[in-house]
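Structure first, commentary second.
The numbers here are math on the coordinates, done by the rules we state, and not lab data. Computed from a predicted structure; not experimentally measured. Cβ sites come from the backbone with ideal geometry, for glycine too, and all protein chains shown count toward neighbours.
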Amino acid sequence: MRHGKYPFVIGFLFAPVTLYVVFVIAPYAQAFQISMTNWRGLSAPQWVGFDNYRRLLDDGRFWQAVQHHGVLLLALPLITIAIALFFAFLLNVGGRSVGGQRQGVRGSKFYRVVFFFPQVLAVAIIAVLFQMVYRPNESGLINGVLMKLGLDPVLFLIRPNLALWSIIAVLVWQAVGFYVVLFSAGMASIPGEIYEAAEMDGASKVMLFFRVTLPLLWDTLQVAWVYLGIAAFDAFAIVAVLSVDSGGPDGATTVLAVEIYRNAFVYSKYGYASAMGVALFFLTLTFAALTLRLTKRESVEY
Amino acid sequence: MSNTPETPAALSRRTLLGRTAAAGLLATPVVSLLGACATSGSDETTTKAEEGTKSAANPLGVAEDAPLEVVIFNGGYGEKYATDVHEPLYKKAFPKAEIKHQSTQAVSTVLQPRFASGNPPEFVNNSGEKLIDFGSLVADGQLMDLTELWDAPSVDDPNKKVRDTVVPGTVEAGSFNGKPYVLYYVSTVFGIWYSGKLFKENGWAPAKTWSEFTALLDGIKSKGITPYGYAGANAAYYQWNVILTHAAKIGGTDVLKNIDNLEDGAWQQDAVKQAAQAWEEIGAKYVDKSFEGLKHTDVQLRQNQYKLALYPSGDWLEGEQKKDTPAGFEYQLMPVPSLTGSDKLPATAVRATAGEGYFVSAKSKNPRGGLEYMRQMLSVAGAKGFTEVVKAPTVVTAGSAGFAFPPGVASSQAALAAAGKDVFNLYFDGWYKELDTEARTATNELMFGRIKADAFVERIQKRADAIKKDSSVAKFTR
């Protein structure tokens with residue numbers, strides 16, 4: 001069987017590796033190269049060494065964006081996972097026992113489909129949708145109702161201390177459905193006997209959740225945390241389409257991807273934008289490595 | 001291959017990783033090869049520009065059979081004026097030339113790679129939200145010097161240079177450090193717009209002085225209509241334009257010149273501060289707070305629905321809103337009112353400029369063809385055709401003679417005539433996009449009540465200083 005194995009393997013690997021190198025590795029490598037130049041995107045770039053990185057240190061907007069990623073990194077996974085876990089628990093094991101088998105709440109099949117809806121929509125459509133929801137006057141979905149009730153409209157995307165949270169709410173809304181499905185799959189693989197045994201010992205629903213479901217779901221949670229963390233480093237489309245003055249008011253909702261876009265395609269500072277991209281690359285990498293290390297824990301075999 | 005594993009299972013993760021790394025090393029030359037192509041500038045491509053013999057009919061020396069590529073921004077003015085008017089004119093002059101027409105809504109997306117690879121199209125209408133930064137194009141030597149075009153004899157009268165057939169200021173509007181690189185073709189007047197019908201019905205008159213203006217706004221407010229507003233979400237520059245126009249009226253046109261030239265303390269000049277203070281009050285009293293979250297189309301629609309009375313913009317507004325404007329709305333322009341009796345410029349003064357930029361790529365194959373295309377555009381036939389198609393006046397003085405403009409453009413043309421020599425312009429937003437962004441952000445902060453006039457001028461000044469110090473930004477003066 002050894003004869004001809006390598007040509008066979010290489011034959012299979014050649015196309016994907018080439019594609020990966022051309023479309024992923026090469027652009028990354030090039031971003032590092034461009035970040036050391038003052039390229040304007042038109043003529044040949046000039047080498048400027050670490051100038052762009054030095055400039056990053058004094059760029060208030062850059063640090064503002066990094067800070068927002070910090071908030072997103074904490075809030076997005078925490079809120080999303082909490083809501084998704086709650087829903088998944090209700091959908092899978094939150095209802096009555098039927099014949100010793102735990103069931104979800106009534107209508108759980110229907111809810112499962114409904115929760116998944118946002119996942120099917122393109123991000124840009126979600127952003128446009130929420131423009132309507134958040135619209136600050138009588139034609140907005142929320143403010144229309146408020147104003148009918150004689151209340152003052154809430155300026156969701158305009159008040160600087162509310163704007164970022166309004167964006168986070170959209171990101172959570174969009175992500176929850178997927179994680180409900182992910183956690184549901186994880187819960188389905190937890191053997192029913194464990195629940196049964198716990199119930200016989202007199203565990204309440206709350207105890208079931210914290211003592212049985214959560215520990216047995218740890219691996220899935222870890223994956224969810226990494227995914228959501230990486231999503232927290234993106235958020236470009238929602239911010240770009242939804243926020244006021246792209247990333248405003250006064251940078252209150254800006255994220256690195258928006259600043260990269262602005263510097264490259266509005267200011268024609270491709271070199272500087274690449275330096276930001278490289279910074280983002282290392283931030284994401286550090287986060288992924290840290291998370292995998294910190295959440296390392298013996299998984300329970302069953 | 002002595003260490004080759006006997007079974008696939010023995011191919012451990014470590015060896016696999018090792019091999020991947022080896023494959024990566026092999027790929028490195030490929031990477032650097034690729035790396036070379038995306039940023040490779042045009043310095044290595046030495047395309048020889050096509051040239052023909054100069055004659056009376058061909059003063060720019062165009063090669064008669066050289067193909068010409070025309071890229072038009074398909075925005076508010078569409079592309080019909082190019083395909084139906086200008087391209088046929090060129091074709092008539094040079095029947096052997098082949099014209100390749102292309103239109104786009106994202107100029108930068110389509111053309112940036114072409115510039116990067118050294119193969120730009122000859123003639124480009126660089127406009128819209130995704131235009132390529134003019135300052136960068138100039139700094140990188142991508143634009144053809146238009147001096148030869150402006151000095152060439154015009155199509156209609158060989159004894160008249162092209163520069164003498166256009167509105168004064170046209171050449172300057174497209175000049176960078178004194179050299180003309182861009183043709184701004186459409187005559188644009190800025191001001192505050194209102195509905196003639198709404199004003200007539202309520203007996204309101206356009207204001208000339210500041211007290212008249214605030215009285216007018218009070219009157220409008222008492223009718224339950226939002227007196228004044230602009231779109232904070234994406235069009236804050238409409239409002240900084242008003243503030244700076246006001247500043248120019250208060251302190252004279254040098255105020256704007258200092259700003260454009262990044263002079264120290266230019267934004268902190270008294271005139272700018274006074275104007276900002278005045279508009280800060282307008283923002284606090286008469287602007288709907290929700291407008292900060294609206295796009296320009298939303299706010300403009302509200303004006304068409306008679307829910308908003310006054311809206312600052314340029315005279316493209318009427319054409320842009322054609323579909324939504326109710327019958328009898330009648331757009332009218334009011335110049336920004338004076339602040340006090342001691343203003344340096346009269347109340348009739350307006351900011352007017354040539355808008356909609358066109359350029360010829362210096363590194364294209366047939367740049368002379370591009371220049372000739374511009375000369376044809378600037379002929380009376382070219383200008384008339386444009387005005388008939390898009391209903392907007394061009395910079396060609398004889399081009400709109402006898403044309404009946406719709407009420408809005410007619411009123412802005414009347415305002416321009418009334419202003420006489422008190423017409424001014426500003427350039428910093430085209431030269432320094434970053435300063436434009438900062439001014440927009442600061443304007444929203446000012447008009448929606450989060451900062452005071454002092455902080456407004458201070459923060460923009462800070463950014464202007466930073467740009468002045470930034471060696472990577474090409475500087476321009478006028």
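To the nearest 10 degrees, how steep is helix B:210-222 against the longest Cα principal axis of chain B, on a 0 to 90 scale? Roughly 90 degrees, rounded to the nearest 10. Projecting the alpha carbon convex hull of the protein assembly as shown along each direction and taking the average yields 42.8 nm².
Shown here: chain B, whose C-alpha atoms stretch 96, 66, 45 Å along the first, second and third principal axes, sorted largest to smallest. The mean count of C-beta atoms from other chains within 10 Å of the C-beta of residues in B:439-449, rounded to a whole number, is 2. Relative protection proxy for B:341-352, A:113-124, A:174-185, from highest mean packing down: A:174-185, B:341-352, A:113-124 (other beta-carbon atoms within 10 angstrom).
If you fit an axis through the alpha-carbon atoms of helix A:60-93 and take the longest principal axis of the Cα set of chain A, what angle between them do you get, 0 to 90°, nearest 10? Orientation of helix A:60-93: about 20 degrees from the principal axis.
Residue ranges B:142-154, B:123-135, A:187-199, B:414-426 sort as B:123-135, B:142-154, B:414-426, A:187-199 when ordered by packing (mean number of other C-beta atoms within 10 Å per residue, highest first). Sum up the charges of everything whose Cβ sits under 14 Å from the Cβ of residue A:139, counting Lys and Arg as +1 and Asp and Glu as -1, but leave residue A:139 out. For residues surrounding residue A:139, the net value is +2. Against the main long axis of the alpha-carbon atoms of chain B, helix B:367-377 sits at an angle near 20°. Divided by 2.2 N^0.38 Å, where N counts the residues, the Cα radius of gyration of the stretch A:32-294 comes to 1.23. Restricting the trypsin sites (Lys or Arg not before Pro) of the stretch A:17-100 to loop positions (DSSP other than H, G, I, E, B) with no more than 13 neighbouring Cβ atoms within 10 Å leaves A:96. Packing order of peptides A:257-263, B:280-286, highest average first: A:257-263, B:280-286 (average count of other Cβ atoms within 10 Å over each peptide's residues).
Shielding of peptide A:31-43 by partners, expressed as the average count of other chain Cβ atoms within 10 Å per residue Cβ, is 6. Per residue of peptide A:6-17, the mean number of Cβ atoms on other chains within 10 Å of the residue Cβ is 1. Sequence-ordered 3J(HN,Hα) estimates for the stretch A:10-24 from the Karplus curve with 6.51, -1.76 and 1.60 and θ = phi - 60° stand at 4, x, 6, 7, 4, 4, x, 5, 4, 4, 5, 5, 5, 9, 10 Hz, glycine and proline given as x.
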